[in-house]
Each structure stands twice: as C-alpha cells, then as structure tokens.
Amino acid sequence: MPRAQDAYAQLIELEMNTVLSVAKTIDPAKYYKQWREEKAHPLWLLGHIANTNNLLINKWCCEGTSLMPKEWREKFSPDFGGGVAPRPDKDFYPNWDEVVEAYTAVTQYCVDTVPTLSDEVFAGPMRGGAPERIQERFKTVDNAIRIVTLHSAYHRGQMSMINFQD
C-alpha cells in the first residue's frame, strides 16, 4: 500500500511542474503587474510560493536548511507574516530567472525529501524550530504539507489571471 508521504511528494511534483508551466507563459511585461496597489504580482506570487515551500515544508516539516537567500524572506512573506507589501519595483526584487531557479530548487528538494519522512514524523508536530503560531495553525507535518500544496495551486491561479488580464 502506498504511503501518504509518497502520494504527497507526487502532488508536490505535479504542482511544481504546473507552476513552472504557468511561469513560462507569463508575459515579462506583467511580472510586476498588480490588480491594486500593494497587491501581489506574478513575480511576488512565485517568490511567495517558493518562500512558503522553503519555510513550511523544507525547514519546518523536513528539518532542512534554507535554500533561499535570507534577504528574500521579507520580500516574499505576506505583511501579516512579517513581510513587506508587494510593490511593482523591479529593483527591489531578484530577477524572474533567479526566482524561478529558487522555486525549482526548493520544491524539488521537497519532492525528494517528503518520502523520506517516517510515519511518526509525518503524523507528528511540525519541526525545525517552527514558531508556536505556526505549530498552532498547522498542527502536524501531514496537515502542513497538504495545506501548502493547496496554497501553491491558489497562487498559481492568481498568476494566470493577472497574466491574461489586459
């Protein structure tokens, strides 16, 4: 019988491939397009997904070492998570290719590492120094991985919608 860890790794990989497919379609003129001031744009959304995968799955579920530059954390965290509001300032952010590369590296690490988690770790509390507010919100490693996969799909949809808007 397949383990949940293997199934989740397959879902993360499927989502990664889908996000990367969407990322290839984004018009470079729309990398910083916002619906309204201080709202997300495609580059921010991609960096935010990478940052979330890095923190929640890599660090706080798999106890891995961060795979993203520390200075990116506040740029791609929501304001309620200690980040700064998205801005259409290309000089504030790393370039698109760097963000795609970071997203791919972080998410591939998650795909490769989630199946190595034991059943006890998988059903247990978040690890790797996850803050108490994160522990309270996500409860278990299993729950966090499920939510993060859905989170990615949600933001992928936003990227597509912004891209196809005139």
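The values are calculated or read from the model by the stated rules, or taken from the named source; none is laboratory data. Note that the coordinates shown come from a computational prediction; the quantities given were computed from them, not determined experimentally. Don't worry about glycine lacking a Cβ; one is built from the backbone with ideal geometry, like all the others, and counts go over all protein chains shown. These area figures cover heavy atoms from the full protein model, side chains too; ligands, DNA and RNA do not enter into them. Shrake-Rupley method; radii C 1.70, N 1.55, O 1.52, S 1.80 Å.
Given their separation in residues at 0.36 nm each and the Cα-Cα distance between them, Asp89 and Ala153 gain 20.5 nm when the chain is fully extended. Shown here for region 22-97: chymotrypsin sites (Phe, Trp or Tyr not before Pro) in loop regions (DSSP other than H, G, I, E, B) with at most 13 other Cβ atoms within 10 Å, namely Trp35, Phe92.
Quick check: the distance between the Cα centres of region 1-41 and region 105-166, to the nearest angstrom? Centre-to-centre distance over Cα atoms comes out at 12 Å. Highest average first, the peptides 123-136, 101-114 ordered by how many other beta carbon atoms sit within 10 Å of their residues are 101-114, 123-136. For the pair Glu63 and Glu37 in one chain, pulling the backbone fully straight at 0.36 nm per residue adds 5.8 nm over the alpha carbon distance.
In the chain, the longest principal axis of the Cα atoms and the axis of helix 42-52 are about 20 degrees apart. Comparing Asn54, Asn17, Asn95 in a Gaussian network model of the chain where C-alpha atoms under 10 Å apart are linked, the largest mean-square fluctuation is found at Asn95. Figure note: Glu74, Glu120 ranked by solvent-accessible area, largest first, 1.4 Å probe, ligands and nucleic acids not counted: Glu120, Glu74. Across the alpha-carbon set of region 23-102, the Rg to Rh ratio works out to 0.97, Rh being the Kirkwood radius. Which residues among region 76-103 fall inside the zone where the amide N is under 13 Å from a point 7 Å beyond the Cα of Arg137, along Cα→Cβ? The answer is 77-83.
Per residue, the convex hull spanned by the Cα atoms of the chain amounts to 103 cubic angstrom. Stretched out straight at 0.36 nm per residue, the stretch from Gln165 to Ala123 would grow longer than its current Cα-Cα span by 11.0 nm. Pairs of Lys residues in region 1-139 that lie 8 or more places apart, or on two chains, and have C-alpha atoms under 19 angstrom apart add up to 14. With all protein chains kept in place, the per residue accessible area of the chain amounts to 52 square angstrom at a probe of 1.4 angstrom.
For region 55-154, the relative contact order works out to 36 percent when only alpha carbon pairs closer than 8 Å and six or more residues apart are counted. Each residue of region 155-162 was assigned a 3J(HN,Hα) from its phi angle through the Karplus curve 6.51 cos²θ - 1.76 cosθ + 1.60 (θ = phi - 60°); the sequence is 6, 4, x, 4, 4, 4, 4, 5 Hz, with glycine and proline shown as x.
Expressed as a whole percent, the accessible surface of the chain that belongs to carbon and sulfur atoms is 53, based on a 1.4 Å probe.
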